[in-house]
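Report on the following structure.
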Amino acid sequence: MELQYEIKEQDFIDYNLYFIEHDVLMQKTIRKLSFVMAGLVLLGGMGLMYAFKSLTILSVVVYAVLAVACFFLVPAWMKRTARKNVRRTIQRAVNKHICGTKTLRLLDNGVQMVGESEDSLHPYQAFKRVVCAKDQVYLYLDDLSALIVPNRAFTDEAAKQAFVRILEERMEQAKAEHPDTEN
């Protein structure tokens, strides 16, 4: 099976946002950061008001509202920062090859990815899992990196499901044949 498709900047942004939204460790980090930022605003603001002998019920309410706003805005800020950083990364001259035309082949011995400045072969047992997201299919090689296949690479949903089924079958078969290979 062979797929040809164009990887666009938005595909990498979507992958990073998917990671932010679905990775347990990332979610835990964002929650901690949200609590810390909210606590800093609340305690820092009240401490400042106390130092200036201006601490009132109104100032406590204002800083509490600001703290709640910080708590809920941190995840949106993290996603915005991720978008900006992905764009910056792709725009660097050394990373321009990340986007462009890709050819992905399911061969007997693995998945071949061919594109500008890349020609890689990943044995099926090297893949950790396959995830169907809203607009893409991610072929995870480890917890952080994946091959991105946008849904537009498939003629329809049935073709996408057939691709995923074949890939998962080959991954399972390869892992059964190579039980010593761990992911």
Report summary line: Taking region 111-142 and keeping residues open to solvent by 20 Å² or more (accessible area, probe 1.4 Å), assigned to a loop (DSSP other than H, G, I, E, B) and not acidic (Asp, Glu) leaves SER117, PRO123, LYS128, LYS134, LEU141
Query raised in the report: Out of curiosity, is MET113 closer than 14 Å to GLU2 by Cα and not hydroxyl-bearing (Ser, Thr, Tyr)?
Result: yes
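Among TYR63, TYR18, which is at pLDDT 90 or above, crowded, with 17+ Cβ neighbours inside 10 Å and either hydrophobic (A, V, I, L, M, F, W, C) or under 25 Å from ASN151 (Cα atoms) (or both)?
Working: TYR63 fails: either hydrophobic (A, V, I, L, M, F, W, C) or under 25 Å from ASN151 (Cα atoms) (or both).
One residue alone meets the criteria, TYR18.
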Report task. Scan region 89-110 for residues that are in contact with a helix residue (DSSP H, G or I) (Cβ under 9 Å, 6 or more places away or on another chain) and surrounded by fewer than 15 Cβ atoms within 10 Å (Cβ to Cβ) and jot them down. Result -> THR89, GLN91, ASN95, LYS96, ASP108, ASN109
Query raised in the report: What residue, among those in region 4-15 that are surrounded by fewer than 17 Cβ atoms within 10 Å (Cβ to Cβ) and either among the basic types (Lys, Arg) or touching a strand residue (DSSP E or B) at 6+ places or on another chain (Cβ under 7 Å) (or both), is nearest to VAL65 (Cα to Cα)?
Result: LYS8
Query raised in the report: Taking only pairs six or more apart or across chains, which ones have beta-carbon atoms under 6 Å, a first residue in region 107-125 that is within 17 Å of VAL149 (Cβ to Cβ), and a second residue that is of a type in the set (Val, Ile, Thr)?
Result: VAL114/THR103; HIS122/VAL111
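Taking the residues in region 28-59 that are part of a helix (DSSP H, G or I) and of a type in the set (Val, Ile, Thr) as candidates, determine which candidate is surrounded by the fewest Cβ atoms within 10 Å (Cβ to Cβ).
ILE57
For every residue, the table says whether it meets (1) assigned to a strand (DSSP E or B); (2) open to solvent by 40 Å² or more (accessible area, probe 1.4 Å); (3) touching a residue at least 60 places away in the same chain (Cβ under 8 Å).
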| position | (1), (2), (3) |
| --- | --- |
| LEU144 | no, yes, yes |
| THR155 | no, yes, no |
| ARG165 | no, yes, no |
| GLU168 | no, yes, no |
| MET171 | no, no, no |
| ALA176 | no, yes, no |
| ASP180 | no, yes, no |
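The values are calculated or read from the model by the stated rules, or taken from the named source; none is laboratory data. None of these values were measured; they are calculated from a predicted model. Positions of Cβ are backbone-derived with ideal geometry, glycine not excepted, and every protein chain shown enters the neighbour counts. Note: accessible area is taken over every heavy atom of the protein model, side chains too, but ligands, DNA and RNA are not part of it. Shrake-Rupley method; radii C 1.70, N 1.55, O 1.52, S 1.80 Å.
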